[in-house]
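Colleague: There's a structure below that I have some questions on.
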Amino acid sequence: MTYQEISHHRLVSQKLYKTSPISPQEIVKYLGAMQAQDYSMAKWAIGSRCDATEKVIEEVINSAEIIRTHILRPTWHFVSADDIYWMLDLSAPQVKRFTASAGKKYGYDAKKLDQTNSKIEKLLSGSNYLTRDEIMQELDIKKTSSADFLSAAIMMNAELDGLVCNGRMKGKQITYALLEERVSKPKSKLTKEEGLAKLALKYLESHGPATLLDFSWWSGFSPTICQNIINAIKLQLNSIEINGQIYWFKSDSSDENNFRESVHFLPAFDEILISYKTREASILLEHQSKAFTTNGIFKPIILENSKVIGTWKRTIAKDHAKIETQFFNETEKHKKAVLFEGIKAFENYLETKIVIE
């Protein structure tokens, strides 16, 4: 298997070929956790893998079938309501190290964070959805630049404790709600070993072929822990070696994996790039700085036949969306027309006219 074949196989494993009907809920559950700090773009990450419109996906999120919260690495993710509790049990202890450190800088030790949780619980009880600013106002935390960091640490800690998650949108504002009022707690729990095995199998089925370090990066667990769990589930996996690196994946290649021409306009922070430690299978090294920065800011990307060939951005107007593109190499006009066919999926998703500039 070559890098080209790996990048193609990832399009298949990440459901970007849309080989069969699938719902937004099923997409998120299948992928395990989808990075979602850019809320608008994260919805399109789901939409690019199914035929649902933005309005439909928004309602699925509002109805708590998809949860948006901090999980795995210390950033926002979409996660299935079916997976939220076992995944929190597994990952929260390690991610809380970041919130504990941030809280201490502002005089919030573990005891004070627990006390703050109790106040937040009372504020949100009874499906009372509040924005972060509204919660901070009730906690008498003034809105300043430093308080923004404190409020982020407070709310992330509450999420990781399984207290809060996203509530229904309030216009364009994100709200918080009590997690147990949105998703019932399961009657049984997984052991840590069972949780790690489940997480690894989810990742390698939905993101493979991927390396040990890819899984470590995506999951937030150390390479040593990840190696141990891969060793434990090795009989359920397939692997290939390229340049001394072992790539693991869950299922065998099948006829549906045969190469096909494709163009995808994917969102910023899409799993096709951000879920891997290194991205050379999908984007040439000389182009990587044009698609993402060293401090972790990812741009929306254009894929042709599983390779990143440029970036794009969108501006939403009242009756249309404007799309601007920047290709890494000079692209002939007739080829651009073919490439722009790939934006039709975004037009259907937005349910508005697309204007390309």
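Colleague: For segment 255-269, name all the residues that are surrounded by fewer than 22 Cβ atoms within 10 Å (Cβ to Cβ) and in a loop (DSSP other than H, G, I, E, B).
Modeller: 258, 259, 260, 261, 262 - these are the residues of segment 255-269 that are surrounded by fewer than 22 Cβ atoms within 10 Å (Cβ to Cβ) and in a loop (DSSP other than H, G, I, E, B).
Colleague: Look through 159, 180 and report the one residue that is touching a Cys at 6+ places or on another chain (Cβ under 8 Å) and among the charged types (D, E, K, R).
Modeller: 159
Colleague: Out of curiosity, is residue 76 in contact (Cβ under 8 Å) with a residue 60 or more places away in the chain, within 27 Å of residue 229 (Cα to Cα) and of a type in the set (Phe, Trp, Tyr)?
Modeller: no
Colleague: If residue 150 meets every condition in (1) free of Cβ contacts under 8 Å to residues at least 40 places away in the same chain; (2) open to solvent by less than 30 Å² (accessible area, probe 1.4 Å); (3) farther than 28 Å from residue 59 by Cα apart from one, which number is that one?
Modeller: Residue 150 satisfies all of (1) free of Cβ contacts under 8 Å to residues at least 40 places away in the same chain; (2) open to solvent by less than 30 Å² (accessible area, probe 1.4 Å); (3) farther than 28 Å from residue 59 by Cα except (1).
Colleague: Take the residues in segment 113-125 that are more than 10 Å from residue 158 (Cα to Cα) and open to solvent by less than 80 Å² (accessible area, probe 1.4 Å); name whichever of them is nearest to the chain's Cα centre (by Cα).
Modeller: So, considering only residues that are more than 10 Å from residue 158 (Cα to Cα) and open to solvent by less than 80 Å² (accessible area, probe 1.4 Å), the one nearest to the chain's Cα centre (by Cα) is 124.
Colleague: Anything in segment 164-182 that is assigned to a loop (DSSP other than H, G, I, E, B) and either crowded, with 19+ Cβ neighbours inside 10 Å or in contact with a Gly (Cβ under 6 Å, 6 or more places away or on another chain) (or both)? List them, or say none.
Modeller: Correct list: 167 only.
Colleague: Within the group 55, 104, 96, which residue is free of Cβ contacts under 8 Å to residues at least 60 places away in the same chain and charged (D, E, K, R)?
Modeller: Matching residue, one of 55, 104, 96: 104.
Colleague: Separate question: Take the residues in segment 320-357 that are polar (S, T, N, Q), in a loop (DSSP other than H, G, I, E, B) and within 16 Å of residue 302 (Cα to Cα), then tell me which one is modelled with the highest pLDDT.
Modeller: Checked segment 320-357; the qualifying residue modelled with the highest pLDDT is 329.
Colleague: Looking only at segment 61-78, count every residue that is over 18 Å from residue 163 (Cβ atoms) and open to solvent by 10 Å² or more (accessible area, probe 1.4 Å) and tell me the total.
Modeller: Count: 5.
Colleague: May I pose another question? Name the residue, out of 332, 347, that is exposed (fewer than 13 other Cβ atoms within 10 Å of the Cβ), of a type in the set (Asp, Glu) and free of Cβ contacts under 8 Å to residues at least 60 places away in the same chain.
Modeller: 332
Colleague: Give the residue that is farthest from residue 195 (Cα to Cα), with candidates limited to residues of segment 39-70 that are assigned to a loop (DSSP other than H, G, I, E, B) and modelled with pLDDT of 95 or more.
Modeller: 53
Colleague: While we're looking at this one, here's another question. As an exercise: evaluate residue 22 against (1) open to solvent by 10 Å² or more (accessible area, probe 1.4 Å); (2) in a helix (DSSP H, G or I); (3) free of Cβ contacts under 8 Å to residues at least 60 places away in the same chain and give the number of the one condition it does not meet.
Modeller: (2)
Colleague: Can you tell me which residue is modelled with the highest pLDDT among those in segment 79-108 that are among the polar types (S, T, N, Q) and open to solvent by 20 Å² or more (accessible area, probe 1.4 Å)?
Modeller: Among them, the one singled out is 94.
Colleague: Are any residues in segment 270-319 open to solvent by less than 80 Å² (accessible area, probe 1.4 Å), among the polar types (S, T, N, Q) and assigned to a loop (DSSP other than H, G, I, E, B), and if so, which ones?
Modeller: 275, 278, 282, 293, 305, 306
Colleague: Same structure, new question: Could you check segment 42-70 and list, in sequence order, the residues that are within 10 Å of the chain's Cα centre (by Cα) and of a type in the set (A, V, I, L, M, F, W, C)?
Modeller: Passing the criteria: 42, 45, 46.
The values are calculated or read from the model by the stated rules, or taken from the named source; none is laboratory data. Since the structure is predicted, the reported quantities are computational estimates derived from the model, not experimental observations. Ideal geometry is used to build each Cβ from the backbone, glycine not excepted, and the neighbour counts take in all protein chains shown. Just the protein is used for accessible areas: all its heavy atoms, side chains included, with ligands, DNA and RNA removed. Shrake-Rupley method; radii C 1.70, N 1.55, O 1.52, S 1.80 Å.
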